[in-house]
Amino acid sequence: MLDELLQQVLKAFAYYVALIVIMRLAGKRLAGQTTTFDLIVLITLGVVIQSTALQEGWANAVVFVVTVFAMHLGLAALCARLTWLRHLVRGKPSVLVRDGRIVEKALKREAISREELQAGLRKLGYDSPESVKLAVLEETGHISAVGADDAAGPATITSEPAKL
């Protein structure tokens with residue numbers, strides 16, 4: 001029984017690592033700008049991986065849930081303290097608009113279309129990229145922006161996750 005539970009801990013660990021890899025491959029879009037189709041695909045992948053990692057029995061289920069939850073809490077605590085780890089797990093913020101000009105390389109790297117960017121800016125109250133001093137795709141997947149006319153300086157308006 002103990003060997004089986006230890007095996008379940010190892011499988012739960014592998015499951016959590018696989019989820020992190022999938023999240024990184026999916027990019028920041030997963031965190032804040034998923035479409036319904038993106039969400040269905042990612043949930044399906046998670047379920048398939050879970051079904052291979054979870055052994056039968058209630059004790060295994062408890063061990064699996066506790067292990068994944070503990071790993072998640074531990075990783076969150078480490079990410080709060082270690083910037084390099086947070087960037088490895090979540091990615092770095094990307095500047096999408098600087099001084100009213102769209103940064104095309106960032107759009108390509110983040111797999112965001114001009115239309116998706118403009119929709120995100122409209123949600124924040126900006127009618128065009130030209131009216132934005134700085135727009136950033138944050139590591140959370142949300143777009144934040146500072147208007148070209150904002151004299152306040154560091155104040156930032158943050159959008160809700162865009163549904164693209």
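Here the simple spin-label model places points 7 Å from the Cα toward Cβ, and for GLU4 and LYS105 these points are separated by 5.6 nm. Working note: 222 nm ellipticity from helices only, DSSP H runs with n ≥ 4, each -39,500 (n - 2.57), summed and divided by the residues of the chain, gives -19000 deg cm²/dmol to the nearest 500.
Once divided by 2.2 N^0.38 Å, the Cα radius of gyration of the chain becomes 1.28. Its Cα gyration tensor gives the range 54-102 an equivalent ellipsoid, and the semi-axes of that ellipsoid, as √(5λ) in whole Å with the largest first, are 38, 14, 6.
Which one, GLY46, LEU78, VAL103, projects farthest toward the positive side of the charge dipole computed for the range 33-112 from Cβ point charges (K/R +1, D/E -1)? About the Cα centre, the residue reaching furthest to the positive side is VAL103. With the convex hull drawn over the C-alpha atoms of the range 78-157, the volume per residue is 95 Å³. Helix screen, the chain: DSSP H segments with Cα axial length of 18 Å or more and mean Kyte-Doolittle hydropathy at least 0.5 are 2-26, 36-53, 58-81.
Each value in this text was obtained by applying a stated rule to the coordinates, not by laboratory testing. Owing to the predicted nature of the structure, the values given are computational and were not obtained by experimental measurement. Quick reminder, even Gly has a Cβ in these numbers, built from the backbone with ideal geometry, and neighbours come from all protein chains shown.
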